[in-house]
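Read through the structure below, which is laid out as structure tokens, and then see the notes.
The values are calculated or read from the model by the stated rules, or taken from the named source; none is laboratory data. Just so we're clear, the structure is a prediction, and the values are computed from it rather than from any experiment. Ideal geometry is used to build each Cβ from the backbone, glycine not excepted, and the neighbour counts take in all protein chains shown.
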Amino acid sequence: MSNQSIVRLHAQVTISPTDWERFTQMVNEVKKIVQQEGSENVLTHVTYHQADSYECLIIEAYKDEAAFLSHLEAIKPLSEKYTVDWTVNRMELSGSYSESTVAFMKGVSQGGDFVFYNHQL
């Protein structure tokens, strides 16, 4: 697999304290889906949080944009099942994403800081 095809997403989000339990349930279900997708498609998918706050850092990496889009489709039912009040503070994409995917993810960032790194040194 070429490093040129790997796509990454980093998102720093704040979860409403009233939705924290629902958020953690959703994350646990996402982990099950990620296992089914396989480590050859989803290279990294972790969520970190600060113990004294409701801020999280979501780090994801996929073998390519197709695997990323497939993941989004796979988790779509969870987005409908778990309505979570959260704020996307910053989202960073890196890799070879199409313009339409970048535009879609910029919309998902809900007006938070959005950065797209499309060139690798």
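List every residue pair whose Cβ atoms sit under 6 Å apart, with the two residues 6 or more apart in sequence or on different chains, where the first one lies in the range 94-119 and is modelled with pLDDT under 95 and surrounded by 11 or more Cβ atoms within 10 Å (Cβ to Cβ) and the second, anywhere, is in a helix (DSSP H, G or I) and not acidic (D, E).
Final answer for the pair search is none.
If P17 satisfies every condition in (1) out of contact with any Asp or Glu (no Cβ under 9 Å at 6 or more places or on another chain); (2) farther than 13 Å from V84 by Cβ; (3) in contact (Cβ under 8 Å) with a residue 24 or more places away in the chain; (4) exposed (fewer than 15 other Cβ atoms within 10 Å of the Cβ) but one, which is the exception?
Unmet condition: (2).
Taking the conditions exactly as written (within 26 Å of G111 (Cβ to Cβ), in contact with a strand residue (DSSP E or B) (Cβ under 8 Å, 6 or more places away or on another chain), surrounded by fewer than 14 Cβ atoms within 10 Å (Cβ to Cβ) and without any contact (Cβ under 8 Å) to a residue 40 or more places away in the chain), does V46 satisfy them or not? Steps first, answer last, please.
Details: within 26 Å of G111 (Cβ to Cβ): yes; in contact with a strand residue (DSSP E or B) (Cβ under 8 Å, 6 or more places away or on another chain): yes; surrounded by fewer than 14 Cβ atoms within 10 Å (Cβ to Cβ): yes; without any contact (Cβ under 8 Å) to a residue 40 or more places away in the chain: yes.
Criteria met by V46.
List the residue pairs whose Cβ atoms are under 9 Å apart, where the first residue sits in the range 76-90 and is aromatic (F, W, Y), the second is in a helix (DSSP H, G or I), and the two are 6 or more positions apart or on different chains.
Y82/D19; Y82/R22; Y82/F23; Y82/Q25; Y82/M26; Y82/E29; W86/D19; W86/F23
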